[in-house]
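Visitor: Okay, handing you the structure first.
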Amino acid sequence: MTRVERRDKEPEPNKEPTQSGGKISRREFLGMTGTGIAGLVIGGIVGREVFPKQAAPAAAPAAAPAAAPAAAGEGEAAAVSEPKAGYTLVFDPVQCTGCMKCAVACSEKYGAYFHPEETKNTVNLEFSRIRPMRFQYVDVINNCHYCELMEWAEGSNEFPCQAVCPEDAILTVPEGEGEAGYYGMGYKWIDQEKCLGIDKCWRCAEICEDQFASGISFDPISRKAQVCSRCGGDPECVKACPEPLALQWVPVGRNGRFYAQHPTAYAELLYRKMYNKRREL
Amino acid sequence: MADLFGMTGKIARVDLTSGTVTVIEPPEEVYRKFLGGSALGVYYLFKEGIVSPDVDPLGPDNMLQFLIGPITGAGPNARSVTVTKSAYNFISIATSGGQAAAELKFAGWDGIQIVGKASKPVYIAVIDDVVEIRDASHVWGKGVEEVELILKKEVLAETESREAMMRDADLTPEWAALRPVKRKGLGEKRLASVWSIGPGGENQVWYANVITEGARAHGRYGPGAIMGSKNLKAVVIRGTKGHKLADKAKFLELVNAIHASEKNDYFWRSYGTAGIGARSAYVEDAYPIRNWQWCAWADPQVKAIEGAFMDTASFVHKQACPNCLLKCLTTVEITSEDPLMDGTITDMPDWEAMGMVGGNLGYFEMPGKTPSDPFTGTHIDQAENLAKLQFTTALHDNYGLDFIDGGALLALLMELRQRELITPEDLDGIDLKWGDVHAVDEMLKKIVYRQGIGDVLARGTWETAKYFAEKKGNPEIMNYSMTAHRYGQPAHDVRSPADKNAMEYVTVRRPSEHTGGGGAGFKQGDWAAAIAGQNNKCATDSMVSCSFPGGHFAGKTVDLIKAATGWTDFTEEDLFNIGAREYALCRLFDIHTQGLTDPKEQWDKLVPHRWFYDPLPTGPQKGAVAYEGNPDKLFNEALPAYWKERGWTEDKGIPTLETLKALGIDDIAGEIAKQHL
């Protein structure tokens with residue numbers, strides 16, 4: 001099993017934020033708009049230190065050579081995508097066809113990342129953090145929505161899964177930190193050494209299924225928790241998705257808990273909306 | 001065994017009589033010869049003696065197989081195939097799309113073979129290596145839509161199901177005070193896939209099918225009836241082991257290249273088979289209208305069968321099979337002023353439904369009009385007509401019935417009534433008039449639950465025609481049975497030279513198969529090309545892949561198999577021979593299990609009378625008949641020449657011992673061939 005360690009190195013100081021690919025970093029954006037933080041409460045970044053982003057490498061992350069399938073042969077220039085902080089994944093369940101391309105891209109990336117030897121010859125969707133679920137006539141994309149608790153009501157501003165983790169294994173990796181090829185950007189990461197694994201503890205998954213959605217799954221080899229880390233701000237699933245607008249990576253400033261639904265609840269709502277039918281799933 | 005790639009090397013054999021599961025491990029040599037899917041299934045029908053006439057199709061000795069192939073899983077367009085002996089006593093091979101196929105590979109199996117008969121309704125739950133036979137009394141009698149949603153939640157992977165461990169103390173006090181934990185544990189994931197039968201299969205309607213995802217079917221030749229005869233309601237699968245590939249990087253590269261090509265395939269991605277639409281009627285003159293009395297309306301103003309019209313009127317959501325970008329299935333919600341139909345959820349319809357339970361049942365003409373009259377309705381009338389077609393599709397899907405043979409059957413009855421060869425009293429008082437969806441609804445209930453005359457009709461189109469021909473003492477009735485080899489002809493005609501050649505239906509390995517391939521070869525009389533097309537289709541059904549993206553696979557098929565299996569010496573010829581084996585075995589199967597002594601008279605010539613003797617009345621090919629009206633030439637010149645090209649005898653079409661030996665199947669089929677040569 002590969003050990004995954006945090007890279008608690010200082011970000012390189014010589015990089016001016018404004019030079020990062022002509023994009024405006026989130027911190028600058030906040031500064032310029034002067035709206036403060038309230039308008040952009042995403043991904044649990046609020047209240048945590050955010051570093052300027054490092055220059056993006058020109059190629060895809062070296063740890064995931066097979067992880068950019070959508071770019072192949074489409075006749076489009078393989079654009080270098082910028083890792084982005086403060087973005088979220090939204091999907092359109094009418095446009096999504098349930099073709100599984102997102103899940104293949106995700107599982108290929110993280111299977112190779114954590115278990116390069118074991119997955120050398122295997123495509124296994126169990127490593128995917130994003131899982132389309134087909135409820136017959138509706139398709140639901142199941143993924144972590146980045147719910148945040150509200151301190152004034154719930155006594156904490158952490159992610160619910162993070163709040164109940166007895167080992168502090170669910171991390172929020174600041175921008176510019178984390179593994180090589182992973183930019184943190186304030187997204188989640190599971191500390192593989194601290195996580196107890198499903199044979200001892202499943203509190204994170206249980207609180208998610210109890211009150212929010214079903215965003216946690218478990219690695220079939222290491223048996224540790226898996227959660228969508230948004231690929232550190234540059235998600236493979238979005239790049240792999242062949243359907244226009246089905247899966248988007250957008251700067252929407254909302255607490256993810258308002259997107260979150262249990263997969264069955266999501267499907268029941270879709271039956272209601274798309275077919276005007278009540279189904280109990 | 002050396003490590004296998006692509007395939008898993010394991011087939012689960014479930015004996016429902018004894019309640020036991022054994023693991024079959026086919027040698028690599030068998031995979032090399034038959035690959036998987038349909039060809040492998042036919043091999044096992046011979047190896048296990050199912051080919052014997054003594055094996056009753058609906059008895060416990062018959063074997064139902066669900067099989068997949070080396071690219072099923074991570075490959076594009078995953079499909080599964082059922083192989084068994086049909087209730088009609090001929091070969092039954094039926095493929096279906098859907099996620100269940102990939103899931104079976106992920107669970108670590110190349111197939112499931114089911115023998116015996118359970119003493120009470122059961123379903124088979126496959127969770128990786130664990131194959132369980134579980135009680136299904138709570139879902140017996142239910143339609144496929146409901147069954148699937150219930151069973152999905154009963155089969156979870158091991159990491160998806162846990163007792164509750166959370167306590168309120170794990171939350172902050174404020175949080176716990178607001179929302180204490182419900183203590184339900186884990187169980188929200190729904191990743192299992194279901195193959196199930198509806199009431200049609202339970203009551204052993206001969207043309208009952210096996211359905212997944214509400215609308216995808218192992219559609220033809222009645223695998224559902226065999227499943228029902230075994231008291232097996234469903235197979236539910238959840239796999240977590242992934243798909244093992246010899247050269248994963250190469251495999252994914254090929255998959256991505258296929259996807260890049262598919263992404264620009266505007267035809268399939270827009271409307272799926274609904275995009276064939278009116279072309280078949282007004283350009284090809286080969287669309288079934290009123291039991292094939294017409295193949296085009298005199299007025300080319302009927303639009304309800306056009307993809308674009310259907311989209312405007314009813315399409316809701318496109319759904320793809322795993323790793324396919326063609327997304328050819330679209331779900332719909334029916335909007336109609338008729339409360340019987342309004343609000344029903346179903347799919348598209350696809351091309352075959354559009355023909356067989358659409359135009360074929362007279363749904364598209366205004367009341368009192370025939371297809372020879374001008375169309376006088378409005379766009380709303382067109383939409384209401386479309387609703388009737390969609391509703392009839394939904395009924396067939398939910399009962400788990402093949403709408404091809406089912407559509408042929410209903411159209412037969414309607415034509416017999418039109419010609420006053422039978423009366424409503426013969427159908428227990430149901431007056432089956434063209435276009436009457438309420439009468440169809442009543443008739444289907446009788447068939448599915450085998451009430452009254454429904455018990456006869458449940459044996460399909462040809463048997464029904466035979467029953468009425470005998471009952472009425474009128475052999476003319478057989479002329480309206482639109483069946484080739486005793487099974488309903490799908491929505492492609494052979495009279496118009498713009499569509500299929502009659503030889504295609506006569507020679508194909510499954511009765512009345514419209515996807516058999518070889519079309520251009522048959523039209524030109526180039527038997528080698530025709531055979532190559534047919535063999536290619538067998539290879540597709542053995543990989544198991546889909547016909548629709550065939551063009552996107554071009555030149556990549558062998559490479560895909562090589563990358564999956566690691567057989568570096570695998571060639572086009574190996575692929576070709578898989579089909580040659582399957583064709584030889586299917587031919588022997590049909591002859592042997594039916595005990596045919598003169599196959600040409602007893603089997604090959606069983607084609608619709610209408611082909612040769614009822615010229616097309618309207619449309620661009622007006623006046624056309626099949627094979628230029630020359631059945632003698634077809635059966636006495638073309639057919640023997642085709643057989644010769646296959647290495648079969650010219651008198652009966654029996655594969656010779658030399659041919660069987662060259663194909664390496666003389667060990668399983670030689671003795672049987674000798675009995676018939």
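The values are calculated or read from the model by the stated rules, or taken from the named source; none is laboratory data. In this text, all values refer to a predicted model and were calculated from it rather than measured experimentally. Counting neighbours? That spans all protein chains shown, and the Cβs are built from the backbone with ideal geometry, glycine included.
Visitor: Give me the pairs: first residue in the range A:208-225 and within 10 Å of another protein chain (Cβ to nearest Cβ), second residue aromatic (Phe, Trp, Tyr) and part of a helix (DSSP H, G or I), beta-carbon distance under 7 Å, and six or more apart or on different chains, which are they?
Guide: Pairs found: A:Asp219/A:Phe114; A:Asp219/A:Phe127.
Visitor: On to the next question. Could you grab me the full set of residues in the range A:201-224 that are crowded, with 24+ Cβ neighbours inside 10 Å and β-branched (Val, Ile, Thr)?
Guide: Selection gives A:Ile207, A:Ile216.
Visitor: Please go through the range B:141-158 and give me each residue that is surrounded by fewer than 19 Cβ atoms within 10 Å (Cβ to Cβ), more than 8 Å from chain A (Cβ to nearest Cβ) and part of a loop (DSSP other than H, G, I, E, B), ordered by number.
Guide: Matches in the range B:141-158: B:Gly141, B:Glu154.
Condition check ((1) within 8 Å of chain B (Cβ to nearest Cβ); (2) part of a loop (DSSP other than H, G, I, E, B); (3) touching a residue at least 40 places away in the same chain (Cβ under 8 Å); (4) crowded, with 21+ Cβ neighbours inside 10 Å) across all residues:
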residue: A:Cys237; (1), (2), (3), (4): no, no, yes, yes
residue: A:Val252; (1), (2), (3), (4): no, yes, yes, no
residue: A:Ala265; (1), (2), (3), (4): no, no, no, no
residue: A:Glu268; (1), (2), (3), (4): no, no, no, no
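Visitor: May I pose another question? In the range A:79-104, what residues are more than 10 Å from every other protein chain (Cβ to nearest Cβ) and small (Gly, Ala, Ser)?
Guide: Initially, the range A:79-104 is screened for residues more than 10 Å from every other protein chain (Cβ to nearest Cβ), giving A:79-92, A:102.
Selection gives A:Ala79, A:Ser81, A:Ala85, A:Gly86.
Visitor: Criterion first (over 26 Å from B:Gly97 (Cβ atoms) and free of Cβ contacts under 8 Å to residues at least 40 places away in the same chain) does B:Lys471 satisfy it? Walk me through how you get there before you give the answer.
Guide: Details: over 26 Å from B:Gly97 (Cβ atoms): yes; free of Cβ contacts under 8 Å to residues at least 40 places away in the same chain: no.
No.
Visitor: Would it be correct to say that A:Cys237 is under 21 Å from A:Ala112 (Cβ atoms) and of a type outside the set (D, E, K, R)? Working first, answer last.
Guide: Details: under 21 Å from A:Ala112 (Cβ atoms): yes; of a type outside the set (D, E, K, R): yes.
For A:Cys237, the condition - under 21 Å from A:Ala112 (Cβ atoms) and of a type outside the set (D, E, K, R) - is met.
Visitor: Oh, and also: Kindly provide the set of residues from the range B:159-197 that are under 30 Å from B:Phe66 (Cα atoms) and more than 9 Å from every other protein chain (Cβ to nearest Cβ), ordered by number.
Guide: B:Ser161, B:Ala192, B:Val194, B:Trp195, B:Ser196, B:Ile197
Visitor: Among what's in the range B:226-274 and is more than 8 Å from chain A (Cβ to nearest Cβ) and β-branched (Val, Ile, Thr), pick the residue that is nearest to B:Cys328 (Cα to Cα).
Guide: Looking at residues that are more than 8 Å from chain A (Cβ to nearest Cβ) and β-branched (Val, Ile, Thr), I get B:Thr273.
Visitor: Out of B:Gly36, B:Gly49, B:Gly73, B:Gly69, I need the residue that is over 16 Å from B:Cys546 (Cβ atoms) and modelled with pLDDT of 95 or more. Which one?
Guide: Testing whether each residue is over 16 Å from B:Cys546 (Cβ atoms) and modelled with pLDDT of 95 or more leaves just B:Gly49.
Visitor: Would you be able to tell me the number of residues in the range A:152-199 that are within 23 Å of B:Pro180 (Cβ to Cβ), surrounded by fewer than 23 Cβ atoms within 10 Å (Cβ to Cβ) and of a type outside the set (Asp, Glu)?
Guide: 8
Visitor: Residues that are under 24 Å from B:Ile654 (Cα atoms) and touching a residue at least 60 places away in the same chain (Cβ under 8 Å): does the range B:552-565 have at least one?
Guide: Going residue by residue through the range B:552-565, those that are under 24 Å from B:Ile654 (Cα atoms) are none.
Checked the range B:552-565: no residue is under 24 Å from B:Ile654 (Cα atoms) and touching a residue at least 60 places away in the same chain (Cβ under 8 Å).
Visitor: Return the pair list, or none, for Cβ contacts closer than 9 Å from residues in the range B:374-385 that are free of Cβ contacts under 8 Å to residues at least 12 places away in the same chain to residues that are of a type in the set (A, V, I, L, M) and not in a helix (DSSP H, G or I), at least 6 apart or on different chains.
Guide: B:Thr376/B:Met366; B:Gly377/B:Val302; B:Gly377/B:Met366
Visitor: How many residues, within the range B:288-320, are over 20 Å from A:Pro244 (Cβ atoms) and assigned to a loop (DSSP other than H, G, I, E, B)?
Guide: Final tally of qualifying residues: 17.
Visitor: With respect to B:Trp292, is the statement that it is crowded, with 24+ Cβ neighbours inside 10 Å, on the phi > 0 side of the Ramachandran plot and out of contact with any His (no Cβ under 6 Å at 6 or more places or on another chain) true? Before the answer, list the steps.
Guide: Details: crowded, with 24+ Cβ neighbours inside 10 Å: yes; on the phi > 0 side of the Ramachandran plot: yes; out of contact with any His (no Cβ under 6 Å at 6 or more places or on another chain): yes.
So B:Trp292 fits the description; yes.
Visitor: Counting just the residues of the range B:9-35 that are in a loop (DSSP other than H, G, I, E, B) and touching a strand residue (DSSP E or B) at 6+ places or on another chain (Cβ under 7 Å), which one comes out surrounded by the most Cβ atoms within 10 Å (Cβ to Cβ)? If you could, list the steps in order and put the result at the bottom.
Guide: Taking the range B:9-35 first, the residues in a loop (DSSP other than H, G, I, E, B) are B:9-10, B:16-19, B:25-27, B:35.
Add one more test, that the residue is touching a strand residue (DSSP E or B) at 6+ places or on another chain (Cβ under 7 Å), and what stays is B:10, B:16, B:19, B:26.
Values: B:Lys10: 17, B:Leu16: 20, B:Gly19: 13, B:Pro26: 22.
The qualifying residue surrounded by the most Cβ atoms within 10 Å (Cβ to Cβ) is B:Pro26.
Visitor: Being farther than 17 Å from B:Leu156 by Cα, within 11 Å of chain B (Cβ to nearest Cβ) and in contact with a helix residue (DSSP H, G or I) (Cβ under 8 Å, 6 or more places away or on another chain) is the filter here, so list the residues in the range A:170-207 that pass it.
Guide: Scanning the range A:170-207 gives A:Arg203, A:Cys204, A:Ile207.
Visitor: So which residues in the range B:418-458 are touching a Phe, Trp or Tyr at 6+ places or on another chain (Cβ under 9 Å), under 21 Å from B:Asn479 (Cβ atoms) and not in a loop (DSSP other than H, G, I, E, B)?
Guide: Of everything in the range B:418-458, those that are touching a Phe, Trp or Tyr at 6+ places or on another chain (Cβ under 9 Å), under 21 Å from B:Asn479 (Cβ atoms) and not in a loop (DSSP other than H, G, I, E, B) turn out to be B:Gln418, B:Asp426, B:Val456, B:Leu457.
Visitor: I'd like the residue in the range B:627-667 that is of a type in the set (A, V, I, L, M), touching a Leu at 6+ places or on another chain (Cβ under 8 Å) and surrounded by 18 or more Cβ atoms within 10 Å (Cβ to Cβ) and, out of all such residues, is farthest from B:Ala502 (Cα to Cα).
Guide: Quick first cut of the range B:627-667, residues of a type in the set (A, V, I, L, M) only: B:634, B:638-639, B:641, B:654, B:657, B:660, B:662-663, B:665.
Filter again for touching a Leu at 6+ places or on another chain (Cβ under 8 Å), leaving B:654, B:657, B:665.
Filter once more, so that each one left must be surrounded by 18 or more Cβ atoms within 10 Å (Cβ to Cβ): B:654, B:665.
On the way: B:Ile654: 20, B:Ile665: 29 Å.
Once the filter is applied, the top-ranked residue is B:Ile665.
Visitor: A further question follows. Taking the range B:470-483 on its own, how many of its residues are more than 23 Å from the chain's Cα centre (by Cα) and either on the phi > 0 side of the Ramachandran plot or surrounded by 19 or more Cβ atoms within 10 Å (Cβ to Cβ) (or both)? Working first, answer last.
Guide: So the first thing to find is which residues in the range B:470-483 are more than 23 Å from the chain's Cα centre (by Cα), and the list is B:470-480.
Filter once more, keeping what is either on the phi > 0 side of the Ramachandran plot or surrounded by 19 or more Cβ atoms within 10 Å (Cβ to Cβ) (or both): B:473, B:477, B:480.
The total comes to 3.
Visitor: Now for a separate question. Here are B:Thr331, B:Thr393, B:Thr370: which of them is part of a helix (DSSP H, G or I) and modelled with pLDDT of 95 or more?
Guide: Values: B:Thr331 fails: part of a helix (DSSP H, G or I); B:Thr370 fails: part of a helix (DSSP H, G or I).
It is B:Thr393.
Visitor: Go through the range B:36-65 and report how many residues are touching a His at 6+ places or on another chain (Cβ under 8 Å) and outside any loop (DSSP other than H, G, I, E, B). Step through it out loud before you land on a result.
Guide: To start, the set of residues in the range B:36-65 that are touching a His at 6+ places or on another chain (Cβ under 8 Å) comprises B:51-53.
Narrowing the set further to residues that are outside any loop (DSSP other than H, G, I, E, B) leaves none.
Of the residues in that region, 0 qualify.
Visitor: Taking the options B:Ala274, B:Ala281, B:Ala296, B:Ala320, name whichever one is under 22 Å from B:Gly75 (Cα atoms) and either in contact with a Leu (Cβ under 8 Å, 6 or more places away or on another chain) or modelled with pLDDT under 95 (or both). Write out each step before concluding.
Guide: Details: B:Ala274 fails: under 22 Å from B:Gly75 (Cα atoms); B:Ala281 fails: under 22 Å from B:Gly75 (Cα atoms); B:Ala296 fails: under 22 Å from B:Gly75 (Cα atoms).
Exactly one of B:Ala274, B:Ala281, B:Ala296, B:Ala320 is under 22 Å from B:Gly75 (Cα atoms) and either in contact with a Leu (Cβ under 8 Å, 6 or more places away or on another chain) or modelled with pLDDT under 95 (or both), namely B:Ala320.
Visitor: When you look at B:Glu573, is it more than 20 Å from the chain's Cα centre (by Cα) and in a helix (DSSP H, G or I), yes or no? Working first, answer last.
Guide: Numbers: more than 20 Å from the chain's Cα centre (by Cα): yes; in a helix (DSSP H, G or I): yes.
So B:Glu573 fits the description; yes.
Visitor: Limited to the range B:226-267, what total is found for residues that are at pLDDT below 95 and within 23 Å of the chain's Cα centre (by Cα)?
Guide: Matching residues across the range B:226-267 total 1.
Visitor: Of all residues in the range B:321-361, which are free of Cβ contacts under 8 Å to residues at least 40 places away in the same chain and within 17 Å of the chain's Cα centre (by Cα)?
Guide: none
Visitor: Hey, can you tell me all the residues within the range A:133-168 that are within 27 Å of B:Val194 (Cβ to Cβ), in contact with a helix residue (DSSP H, G or I) (Cβ under 6 Å, 6 or more places away or on another chain) and more than 8 Å from chain B (Cβ to nearest Cβ)?
Guide: The answer is A:Val140, and nothing else.
Visitor: Further question on the same structure: Taking the criterion of being touching a helix residue (DSSP H, G or I) at 6+ places or on another chain (Cβ under 6 Å), in a loop (DSSP other than H, G, I, E, B) and on the phi > 0 side of the Ramachandran plot, would at least one residue in the range B:484-498 satisfy it?
Guide: Yes - at least one qualifying residue is present in the range B:484-498.
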